[in-house]
Amino acid sequence: MLYNTKKVKRALHGEPDRMAARPRLIRKARSAIANERLQKYICNMNSKRNPSEVAPGLVAAERPASTNPPLDPSSLKALAHPLRLRLLGLLREYGPATATELGRRLGESSGSTSYHLRQLARYGFVQDAPERSTRRERAWRAAAAATSFNEEALAREPGGAAVTAEFLRAVAAGQAERTARWIDAVPAAEPAWRGAGTVSDWGLSLRRDEVDRLQAELEALVARYRAHDPERAAPADERFVAFQVQLLPRFDGAERRE
């Protein structure tokens, strides 16, 4: 069924942030975001751009880069684990945290979260957050604000197509879970935010070039708004907002097999 929840979401609801300050860096940071592909939570199948450099002079409180280094099948497979995706997503949304803090949030043991954080660090997805670490426990932060990979290039490598599908299924499951959590949270939302947000879909008839154009237009639209920075002190009237995008062409024969 095609629907737009704008008509029904009054009964239902919608957390913090924007780009970090530093006047000299703000233009560079905005430019990097404007040139990036979508999918906050983690993925971008199409970007062929080089990752942005980390701003100089940020050592102890280093901010994440705009996007990760190029991925190969082994690093993408390491990230496709559902718990690792959740851990990385939490670090990008809430900022630096320890394995114990993340385990408490996810209902996992600190031993389990610690192991998976080390695996993420091994492939460059997370890094030390020394200003939050103690002698007893290490803190982590996301190494990049988004994860980007070239689907066509990966498909040419042995096992690349299979691991890409595995990763995208994990991402889609995470997006569905976030949507369900949002729906559950709506009744308890503060009055000013009740009715904010939507879960909607539309049926379109498009040519291939129109699909590409629509995706580019959506990305350009999102780039006009503040990017989330979990380490920025956000004003009281701001909330983190997840903008999830899916453009899903129907392939001939696919529907008949279901």
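The values are calculated or read from the model by the stated rules, or taken from the named source; none is laboratory data. Everything numeric here is computed off the predicted structure, so don't read it as measured data. Every residue, glycine as well, gets a Cβ built from its backbone with ideal geometry; the counts of neighbours run over all protein chains shown.
Structure values in brief
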{"quantity": "Looking only at the stretch 127-137, and only at residues there that are under 16 Å from residue 90 (Cα atoms) and part of a loop (DSSP other than H, G, I, E, B), the one that is modelled with the lowest pLDDT", "calculated": "132"}
{"quantity": "Test for residue 161: is it at pLDDT below 95 and closer than 27 Å to residue 248 by Cα", "calculated": "yes"}
{"quantity": "Residue pairs meeting the criteria (Cβ under 7 Å; at least 6 apart or on separate chains; first more than 23 Å from residue 70 (Cα to Cα), in the stretch 122-137; second assigned to a loop (DSSP other than H, G, I, E, B))", "calculated": "130/60; 131/60; 131/61; 132/96"}
{"quantity": "The lone exception for residue 198 - which of (1) within 27 Å of residue 149 (Cα to Cα); (2) in a loop (DSSP other than H, G, I, E, B); (3) touching a helix residue (DSSP H, G or I) at 6+ places or on another chain (Cβ under 8 Å) it fails", "calculated": "(1)"}
{"quantity": "Residue in the stretch 107-130 that is hydrophobic (A, V, I, L, M, F, W, C), surrounded by fewer than 17 Cβ atoms within 10 Å (Cβ to Cβ) and farther than 30 Å from residue 247 by Cα present", "calculated": "yes"}
{"quantity": "Filter result (outside any helix (DSSP H, G or I) and not aromatic (Phe, Trp, Tyr)) within the stretch 148-188", "calculated": "148, 150, 156, 157, 158, 159"}
{"quantity": "Test: residue 84 is basic (Lys, Arg), more than 15 Å from the chain's Cα centre (by Cα) and at pLDDT 90 or above", "calculated": "no"}
{"quantity": "Of the criteria (1) farther than 18 Å from residue 164 by Cβ; (2) modelled with pLDDT under 90; (3) out of contact with any strand residue (DSSP E or B) (no Cβ under 7 Å at 6 or more places or on another chain); (4) β-branched (Val, Ile, Thr), which one residue 147 fails", "calculated": "(1)"}
{"quantity": "Members of the stretch 112-153 that are of a type in the set (Val, Ile, Thr) and within 16 Å of residue 85 (Cβ to Cβ)", "calculated": "113, 126, 147"}
